[in-house]
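K.L.:
Before I ask anything, here is the structure I am working with.
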Amino acid sequence: MDLDVLNMFVIAGGTLAIPILAFVASFLLWPSALIRIYYWYWRRALGMQVRYVNYDDNYQFCYSYRGRSGYRPSILMLHGFSGHKDMWLSIVKFLPKNLHLVCVDLPGHEGTTRSALDDYSIMGQAKRVHQFVECIKLNKRPFHLVGTSMGGNVAGVYAAQYPEDVCSLTLICPAGLPSFTDSKFVKMLRELKESERTDRIPLIPSTPEEMADMLKLCSYVRFKVPQQILQGLVDVRIPHNDFYRKLFLEIVDEKSRHSLHENMNKIKAPTQVIWGKQDQVLDVSGADILASAIPDCHVSILENCGHSVVVERPRKTANLMLEFLAMLHSTGNSKKQA
(Lines give C-alpha, C1' and ligand atoms only; values in the text may rest on other atoms or scores of the structure.)
Protein backbone atom coordinates (compact mmCIF):
# COMPACT_ATOMS: atom_id res chain seq x y z
CA MET A 1 0.00 0.00 0.00
CA ASP A 2 2.73 2.44 0.97
CA LEU A 3 4.63 1.64 -2.21
CA ASP A 4 1.51 2.23 -4.31
CA VAL A 5 1.01 5.65 -2.69
CA LEU A 6 4.68 6.45 -3.16
CA ASN A 7 4.51 5.47 -6.84
CA MET A 8 1.40 7.65 -7.27
CA PHE A 9 3.22 10.69 -5.85
CA VAL A 10 6.28 9.98 -8.01
CA ILE A 11 4.12 9.79 -11.14
CA ALA A 12 2.17 12.94 -10.14
CA GLY A 13 5.37 14.77 -9.28
CA GLY A 14 6.93 13.75 -12.58
CA THR A 15 3.87 14.94 -14.49
CA LEU A 16 4.06 18.37 -12.82
CA ALA A 17 7.84 18.53 -13.14
CA ILE A 18 7.80 18.32 -16.93
CA PRO A 19 5.97 21.64 -17.61
CA ILE A 20 7.83 23.34 -14.73
CA LEU A 21 11.20 22.24 -16.10
CA ALA A 22 10.11 23.24 -19.61
CA PHE A 23 9.21 26.72 -18.33
CA VAL A 24 12.53 27.10 -16.47
CA ALA A 25 14.48 25.87 -19.50
CA SER A 26 12.63 28.27 -21.79
CA PHE A 27 13.28 31.16 -19.41
CA LEU A 28 17.00 30.40 -19.12
CA LEU A 29 17.81 29.05 -22.57
CA TRP A 30 15.14 30.30 -24.96
CA PRO A 31 13.58 33.46 -23.50
CA SER A 32 12.47 34.55 -26.98
CA ALA A 33 10.28 31.42 -27.19
CA LEU A 34 8.74 32.34 -23.84
CA ILE A 35 7.87 35.80 -25.15
CA ARG A 36 6.11 34.29 -28.19
CA ILE A 37 4.19 31.92 -25.91
CA TYR A 38 3.22 34.90 -23.75
CA TYR A 39 1.63 36.72 -26.71
CA TRP A 40 -0.06 33.53 -27.92
CA TYR A 41 -1.57 32.98 -24.47
CA TRP A 42 -2.88 36.54 -24.11
CA ARG A 43 -4.37 36.54 -27.60
CA ARG A 44 -6.33 33.40 -26.71
CA ALA A 45 -7.27 34.67 -23.25
CA LEU A 46 -8.62 37.93 -24.71
CA GLY A 47 -10.41 36.25 -27.60
CA MET A 48 -8.23 37.72 -30.36
CA GLN A 49 -7.98 35.56 -33.48
CA VAL A 50 -5.16 35.79 -36.04
CA ARG A 51 -5.99 35.84 -39.74
CA TYR A 52 -4.18 36.42 -43.03
CA VAL A 53 -5.52 38.11 -46.15
CA ASN A 54 -3.91 38.54 -49.58
CA TYR A 55 -3.90 41.57 -51.84
CA ASP A 56 -3.32 40.93 -55.57
CA ASP A 57 -2.09 37.40 -54.73
CA ASN A 58 1.46 38.62 -53.98
CA TYR A 59 1.05 40.64 -50.81
CA GLN A 60 -0.05 39.22 -47.46
CA PHE A 61 -1.43 41.10 -44.48
CA CYS A 62 -1.49 39.56 -41.00
CA TYR A 63 -3.99 40.83 -38.45
CA SER A 64 -5.85 39.89 -35.30
CA TYR A 65 -9.47 40.67 -34.56
CA ARG A 66 -12.25 40.26 -32.03
CA GLY A 67 -15.97 40.69 -32.46
CA ARG A 68 -18.01 41.60 -35.52
CA SER A 69 -18.95 44.88 -37.12
CA GLY A 70 -22.27 46.22 -35.83
CA TYR A 71 -24.01 49.49 -35.09
CA ARG A 72 -20.90 50.78 -33.34
CA PRO A 73 -17.90 51.73 -35.51
CA SER A 74 -15.19 49.11 -35.90
CA ILE A 75 -11.79 50.06 -34.47
CA LEU A 76 -8.59 49.64 -36.52
CA MET A 77 -5.33 49.92 -34.55
CA LEU A 78 -1.89 50.72 -36.03
CA HIS A 79 1.22 49.95 -33.96
CA GLY A 80 4.46 51.91 -33.77
CA PHE A 81 7.95 51.48 -35.24
CA SER A 82 9.29 47.91 -34.91
CA GLY A 83 6.10 46.87 -33.11
CA HIS A 84 3.37 44.42 -34.09
CA LYS A 85 -0.35 43.75 -33.66
CA ASP A 86 0.11 42.16 -30.21
CA MET A 87 1.35 45.40 -28.65
CA TRP A 88 -2.33 46.41 -28.40
CA LEU A 89 -3.25 43.49 -26.13
CA SER A 90 -2.72 45.61 -23.01
CA ILE A 91 -5.41 48.01 -24.33
CA VAL A 92 -7.69 45.25 -25.66
CA LYS A 93 -7.88 43.87 -22.11
CA PHE A 94 -9.86 46.95 -21.05
CA LEU A 95 -12.15 47.26 -24.09
CA PRO A 96 -15.67 45.73 -24.20
CA LYS A 97 -15.92 42.41 -26.00
CA ASN A 98 -18.84 43.64 -28.09
CA LEU A 99 -16.59 46.10 -29.95
CA HIS A 100 -15.19 45.00 -33.31
CA LEU A 101 -11.40 45.35 -32.99
CA VAL A 102 -8.82 44.88 -35.75
CA CYS A 103 -5.05 45.08 -35.12
CA VAL A 104 -2.90 44.79 -38.25
CA ASP A 105 0.84 44.25 -38.69
CA LEU A 106 2.08 47.25 -40.67
CA PRO A 107 4.09 46.68 -43.89
CA GLY A 108 7.22 44.61 -43.27
CA HIS A 109 6.34 43.86 -39.66
CA GLU A 110 5.69 40.42 -38.14
CA GLY A 111 3.34 38.46 -40.44
CA THR A 112 2.78 41.14 -43.11
CA THR A 113 4.85 40.92 -46.30
CA ARG A 114 8.33 42.42 -46.26
CA SER A 115 9.64 43.37 -49.70
CA ALA A 116 12.76 45.28 -50.71
CA LEU A 117 10.66 46.87 -53.46
CA ASP A 118 7.93 48.17 -51.16
CA ASP A 119 7.45 51.85 -50.36
CA TYR A 120 7.93 52.24 -46.59
CA SER A 121 7.41 56.00 -46.53
CA ILE A 122 4.48 57.13 -44.37
CA MET A 123 2.38 57.77 -47.48
CA GLY A 124 3.36 54.36 -48.85
CA GLN A 125 2.32 52.68 -45.59
CA ALA A 126 -1.00 54.56 -45.57
CA LYS A 127 -1.71 53.24 -49.09
CA ARG A 128 -0.94 49.70 -47.94
CA VAL A 129 -3.27 50.06 -44.95
CA HIS A 130 -5.98 51.21 -47.36
CA GLN A 131 -5.43 48.05 -49.41
CA PHE A 132 -5.83 46.00 -46.23
CA VAL A 133 -9.01 47.85 -45.31
CA GLU A 134 -10.46 47.12 -48.73
CA CYS A 135 -9.39 43.46 -48.55
CA ILE A 136 -11.38 42.81 -45.37
CA LYS A 137 -14.13 45.27 -46.39
CA LEU A 138 -13.66 47.24 -43.18
CA ASN A 139 -14.73 50.45 -44.93
CA LYS A 140 -18.26 49.27 -45.65
CA ARG A 141 -18.99 51.68 -42.84
CA PRO A 142 -16.66 54.43 -41.53
CA PHE A 143 -14.44 53.12 -38.73
CA HIS A 144 -12.53 54.56 -35.78
CA LEU A 145 -8.78 54.64 -36.50
CA VAL A 146 -6.13 54.46 -33.77
CA GLY A 147 -2.37 54.86 -34.21
CA THR A 148 0.61 55.30 -31.92
CA SER A 149 4.03 56.81 -32.69
CA MET A 150 4.89 55.87 -36.31
CA GLY A 151 1.45 54.29 -36.53
CA GLY A 152 0.00 57.61 -35.39
CA ASN A 153 1.74 59.31 -38.29
CA VAL A 154 0.30 56.70 -40.68
CA ALA A 155 -3.16 56.98 -39.09
CA GLY A 156 -3.24 60.77 -39.42
CA VAL A 157 -2.15 60.65 -43.06
CA TYR A 158 -4.72 57.90 -43.73
CA ALA A 159 -7.52 60.01 -42.23
CA ALA A 160 -6.45 62.94 -44.41
CA GLN A 161 -6.15 60.90 -47.61
CA TYR A 162 -9.19 58.64 -47.16
CA PRO A 163 -11.66 60.80 -45.18
CA GLU A 164 -14.68 58.75 -46.28
CA ASP A 165 -13.24 55.69 -44.46
CA VAL A 166 -12.71 57.30 -41.06
CA CYS A 167 -15.47 58.48 -38.73
CA SER A 168 -13.11 59.36 -35.86
CA LEU A 169 -9.43 59.23 -34.98
CA THR A 170 -7.22 58.62 -31.95
CA LEU A 171 -3.56 59.63 -32.18
CA ILE A 172 -1.27 58.47 -29.37
CA CYS A 173 2.10 60.30 -29.23
CA PRO A 174 2.14 60.47 -33.04
CA ALA A 175 5.28 61.01 -35.08
CA GLY A 176 5.39 63.26 -38.14
CA LEU A 177 5.33 66.67 -36.44
CA PRO A 178 7.98 69.39 -36.09
CA SER A 179 8.94 70.32 -32.55
CA PHE A 180 10.07 73.58 -31.01
CA THR A 181 11.61 71.60 -28.16
CA ASP A 182 14.06 68.82 -28.98
CA SER A 183 13.28 65.58 -27.16
CA LYS A 184 16.03 63.50 -25.56
CA PHE A 185 15.77 61.09 -28.50
CA VAL A 186 16.22 63.84 -31.10
CA LYS A 187 19.27 65.13 -29.21
CA MET A 188 20.73 61.61 -29.15
CA LEU A 189 20.21 61.26 -32.90
CA ARG A 190 21.92 64.59 -33.53
CA GLU A 191 24.93 63.56 -31.41
CA LEU A 192 25.18 60.23 -33.23
CA LYS A 193 25.03 61.99 -36.60
CA GLU A 194 27.78 64.41 -35.60
CA SER A 195 29.97 61.53 -34.41
CA GLU A 196 29.14 59.60 -37.62
CA ARG A 197 27.78 56.66 -35.60
CA THR A 198 24.51 56.41 -37.49
CA ASP A 199 24.44 52.63 -37.00
CA ARG A 200 23.67 53.11 -33.29
CA ILE A 201 20.00 54.02 -33.48
CA PRO A 202 18.59 54.02 -29.91
CA LEU A 203 15.33 52.39 -31.01
CA ILE A 204 17.15 49.43 -32.59
CA PRO A 205 18.90 47.59 -29.73
CA SER A 206 21.21 44.64 -30.39
CA THR A 207 22.27 43.83 -26.80
CA PRO A 208 20.36 43.44 -23.51
CA GLU A 209 22.03 46.63 -22.26
CA GLU A 210 20.83 48.59 -25.29
CA MET A 211 17.36 47.10 -24.81
CA ALA A 212 17.33 48.32 -21.21
CA ASP A 213 18.39 51.79 -22.40
CA MET A 214 15.59 51.81 -24.99
CA LEU A 215 13.00 50.90 -22.35
CA LYS A 216 14.24 53.75 -20.15
CA LEU A 217 14.02 56.13 -23.10
CA CYS A 218 10.48 55.09 -24.02
CA SER A 219 8.99 54.78 -20.54
CA TYR A 220 8.60 57.12 -17.61
CA VAL A 221 7.67 54.16 -15.44
CA ARG A 222 10.77 52.16 -14.60
CA PHE A 223 9.99 48.51 -15.27
CA LYS A 224 12.25 45.96 -13.57
CA VAL A 225 12.93 43.56 -16.43
CA PRO A 226 15.04 40.43 -15.74
CA GLN A 227 18.22 40.03 -17.79
CA GLN A 228 16.85 36.88 -19.43
CA ILE A 229 13.73 38.69 -20.64
CA LEU A 230 15.88 41.54 -22.00
CA GLN A 231 17.91 38.92 -23.86
CA GLY A 232 14.71 37.37 -25.20
CA LEU A 233 13.43 40.73 -26.41
CA VAL A 234 16.72 41.32 -28.21
CA ASP A 235 16.76 37.80 -29.70
CA VAL A 236 13.29 38.37 -31.16
CA ARG A 237 14.35 41.65 -32.78
CA ILE A 238 17.87 40.94 -34.04
CA PRO A 239 16.80 39.04 -37.21
CA HIS A 240 14.77 42.11 -38.20
CA ASN A 241 17.25 44.85 -37.29
CA ASP A 242 18.45 45.41 -40.87
CA PHE A 243 14.87 46.03 -41.93
CA TYR A 244 14.28 48.32 -38.94
CA ARG A 245 17.31 50.41 -39.92
CA LYS A 246 16.08 50.73 -43.48
CA LEU A 247 12.59 51.63 -42.27
CA PHE A 248 13.87 54.16 -39.74
CA LEU A 249 15.96 55.97 -42.36
CA GLU A 250 12.89 56.01 -44.60
CA ILE A 251 10.53 57.55 -42.04
CA VAL A 252 13.01 60.21 -40.86
CA ASP A 253 13.80 61.17 -44.45
CA GLU A 254 12.52 64.51 -45.74
CA LYS A 255 9.71 62.67 -47.57
CA SER A 256 8.14 61.34 -44.35
CA ARG A 257 9.58 63.26 -41.40
CA HIS A 258 6.69 65.74 -41.19
CA SER A 259 3.99 63.80 -43.05
CA LEU A 260 1.38 64.27 -40.35
CA HIS A 261 2.09 68.01 -40.15
CA GLU A 262 1.72 68.31 -43.92
CA ASN A 263 -1.62 66.50 -43.89
CA MET A 264 -3.21 67.57 -40.59
CA ASN A 265 -5.22 70.41 -42.15
CA LYS A 266 -7.00 67.81 -44.31
CA ILE A 267 -8.22 65.80 -41.30
CA LYS A 268 -11.98 66.32 -40.99
CA ALA A 269 -12.83 63.51 -38.56
CA PRO A 270 -13.23 64.28 -34.83
CA THR A 271 -9.79 63.62 -33.38
CA GLN A 272 -8.51 62.57 -29.99
CA VAL A 273 -4.87 63.16 -29.06
CA ILE A 274 -3.33 61.29 -26.11
CA TRP A 275 0.25 62.10 -25.08
CA GLY A 276 2.53 61.23 -22.19
CA LYS A 277 3.73 64.44 -20.55
CA GLN A 278 7.21 62.98 -19.95
CA ASP A 279 7.64 61.62 -23.50
CA GLN A 280 11.39 61.59 -24.26
CA VAL A 281 11.00 60.30 -27.84
CA LEU A 282 8.48 62.75 -29.32
CA ASP A 283 7.95 66.00 -27.47
CA VAL A 284 4.50 66.58 -25.99
CA SER A 285 4.31 70.02 -27.65
CA GLY A 286 3.11 68.14 -30.74
CA ALA A 287 -0.33 67.93 -29.09
CA ASP A 288 -0.73 71.72 -29.30
CA ILE A 289 0.24 71.68 -32.98
CA LEU A 290 -2.53 69.18 -33.74
CA ALA A 291 -5.08 70.98 -31.56
CA SER A 292 -4.49 74.24 -33.43
CA ALA A 293 -4.90 72.62 -36.87
CA ILE A 294 -7.73 70.09 -36.47
CA PRO A 295 -11.15 71.72 -35.90
CA ASP A 296 -12.67 69.04 -33.64
CA CYS A 297 -9.66 67.98 -31.56
CA HIS A 298 -9.69 66.70 -27.96
CA VAL A 299 -6.35 66.52 -26.13
CA SER A 300 -5.47 64.44 -23.06
CA ILE A 301 -2.01 64.81 -21.50
CA LEU A 302 -1.11 61.97 -19.12
CA GLU A 303 0.99 62.87 -16.10
CA ASN A 304 3.90 60.62 -15.12
CA CYS A 305 3.82 58.88 -18.48
CA GLY A 306 6.37 58.58 -21.28
CA HIS A 307 6.21 57.58 -24.94
CA SER A 308 4.95 54.03 -24.35
CA VAL A 309 1.47 55.15 -23.35
CA VAL A 310 -0.08 51.86 -24.46
CA VAL A 311 2.14 49.89 -22.07
CA GLU A 312 2.40 52.39 -19.21
CA ARG A 313 -1.25 53.48 -18.97
CA PRO A 314 -3.38 50.89 -20.80
CA ARG A 315 -6.48 51.17 -18.60
CA LYS A 316 -6.47 54.98 -18.72
CA THR A 317 -5.93 54.98 -22.48
CA ALA A 318 -8.75 52.50 -23.06
CA ASN A 319 -11.10 54.55 -20.85
CA LEU A 320 -10.22 57.77 -22.68
CA MET A 321 -10.95 56.11 -26.01
CA LEU A 322 -14.28 54.77 -24.78
CA GLU A 323 -15.26 58.16 -23.34
CA PHE A 324 -14.37 59.83 -26.64
CA LEU A 325 -16.41 57.32 -28.66
CA ALA A 326 -19.36 57.62 -26.23
CA MET A 327 -19.26 61.42 -26.55
CA LEU A 328 -19.31 61.19 -30.35
CA HIS A 329 -22.16 58.67 -30.21
CA SER A 330 -24.27 60.91 -27.95
CA THR A 331 -23.50 63.96 -30.10
CA GLY A 332 -24.52 62.02 -33.21
CA ASN A 333 -27.82 61.01 -31.62
CA SER A 334 -28.51 64.59 -30.56
CA LYS A 335 -27.99 65.81 -34.12
CA LYS A 336 -30.36 63.13 -35.46
CA GLN A 337 -33.07 64.10 -32.97
CA ALA A 338 -32.65 67.79 -33.80
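K.L.:
Scan the stretch 292-319 residue by residue and report those that are assigned to a helix (DSSP H, G or I), of a type outside the set (D, E) and in contact with a strand residue (DSSP E or B) (Cβ under 9 Å, 6 or more places away or on another chain).
P.N.:
Of everything in the stretch 292-319, those that are assigned to a helix (DSSP H, G or I), of a type outside the set (D, E) and in contact with a strand residue (DSSP E or B) (Cβ under 9 Å, 6 or more places away or on another chain) turn out to be V309, V310, K316, T317.
K.L.:
Restricting the search to the stretch 216-232, which residues are modelled with pLDDT of 95 or more and aliphatic (A, V, I, L, M)?
P.N.:
Listed by number, the list holds a single entry, L217.
K.L.:
Something else about it: Does the stretch 155-202 hold any residues that are of a type outside the set (A, V, I, L, M, F, W, C), open to solvent by less than 70 Å² (accessible area, probe 1.4 Å) and part of a loop (DSSP other than H, G, I, E, B), and which are they?
P.N.:
Of everything in the stretch 155-202, those that are of a type outside the set (A, V, I, L, M, F, W, C), open to solvent by less than 70 Å² (accessible area, probe 1.4 Å) and part of a loop (DSSP other than H, G, I, E, B) turn out to be Y162, P163, D165, P174, G176, P178, S179, D182, S183, S195, P202.
K.L.:
Considering G176, G152, which residue is under 19 Å from Q272 (Cβ atoms), touching a residue at least 12 places away in the same chain (Cβ under 8 Å) and out of contact with any His (no Cβ under 8 Å at 6 or more places or on another chain)?
P.N.:
Answer to the selection: G152.
K.L.:
Another question, if that's okay. Quick check on S285: is it within 19 Å of the chain's Cα centre (by Cα) and of a type in the set (G, A, S)?
P.N.:
No; evaluated as a whole, the condition is false for this residue.
K.L.:
Evaluate the stretch 280-301: report whether one residue or more is among the polar types (S, T, N, Q), in contact with a Gly (Cβ under 7 Å, 6 or more places away or on another chain) and at pLDDT 95 or above.
P.N.:
Looking through the stretch 280-301, at least one residue is among the polar types (S, T, N, Q), in contact with a Gly (Cβ under 7 Å, 6 or more places away or on another chain) and at pLDDT 95 or above.
Results for (1) in contact with a helix residue (DSSP H, G or I) (Cβ under 6 Å, 6 or more places away or on another chain); (2) over 24 Å from V154 (Cβ atoms), shown as yes or no for each residue.
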| position | (1), (2) |
| --- | --- |
| E209 | no, yes |
| V236 | yes, no |
| H258 | no, no |
| H261 | no, no |
| K268 | no, no |
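K.L.:
Hey, another quick one. Just name the residue that is farthest from L76 (Cα to Cα) out of those in the stretch 114-147 that are touching a Cys at 6+ places or on another chain (Cβ under 9 Å) and open to solvent by 10 Å² or more (accessible area, probe 1.4 Å).
P.N.:
Among residues in the stretch 114-147 that are touching a Cys at 6+ places or on another chain (Cβ under 9 Å) and open to solvent by 10 Å² or more (accessible area, probe 1.4 Å), the one farthest from L76 (Cα to Cα) is R141.
K.L.:
Another question about this same structure. Based on what the data block shows, is D213 at negative phi and surrounded by fewer than 14 Cβ atoms within 10 Å (Cβ to Cβ)?
P.N.:
No: the conditions fail for D213.
K.L.:
Identify the residue in the stretch 35-73 that is modelled with pLDDT under 95 and open to solvent by less than 50 Å² (accessible area, probe 1.4 Å) and, among all such residues, is farthest from V310 (Cα to Cα).
P.N.:
So, considering only residues that are modelled with pLDDT under 95 and open to solvent by less than 50 Å² (accessible area, probe 1.4 Å), the one farthest from V310 (Cα to Cα) is G70.
K.L.:
Restricting the first residue to the stretch 121-138 and requiring it to be farther than 14 Å from S256 by Cβ, which pairs with a second residue that is surrounded by fewer than 22 Cβ atoms within 10 Å (Cβ to Cβ) meet a Cβ separation below 6 Å and a spacing of at least six or different chains?
P.N.:
Within 6 Å, the pairs are H130/Y162; Q131/Y55; V133/N139; C135/V53; C135/Y55; I136/V53.
K.L.:
A further question on this structure: Among (1) open to solvent by 20 Å² or more (accessible area, probe 1.4 Å); (2) touching a strand residue (DSSP E or B) at 6+ places or on another chain (Cβ under 8 Å), where does S285 come up short?
P.N.:
Result: S285 fails condition (2) only.
K.L.:
Now, a different point. Return only the number of the condition from (1) modelled with pLDDT of 95 or more; (2) acidic (D, E); (3) within 21 Å of the chain's Cα centre (by Cα); (4) open to solvent by 30 Å² or more (accessible area, probe 1.4 Å) that D235 does not satisfy.
P.N.:
Every listed condition holds for D235 apart from (1).
K.L.:
Suppose we filter L89, L106, L76 for residues that are open to solvent by less than 50 Å² (accessible area, probe 1.4 Å), in contact with a strand residue (DSSP E or B) (Cβ under 8 Å, 6 or more places away or on another chain) and not in a strand (DSSP E or B); which single one remains?
P.N.:
L106
The values are calculated or read from the model by the stated rules, or taken from the named source; none is laboratory data. From a predicted model like this one, the values you see are computed outputs, not experimental measurements. Here Cβ is always computed from backbone atoms with ideal geometry, including for glycine, and neighbour counts include all displayed protein chains. We work out accessible area using only protein heavy atoms, side chains counted, and drop any ligands, DNA or RNA first. Shrake-Rupley method; radii C 1.70, N 1.55, O 1.52, S 1.80 Å.
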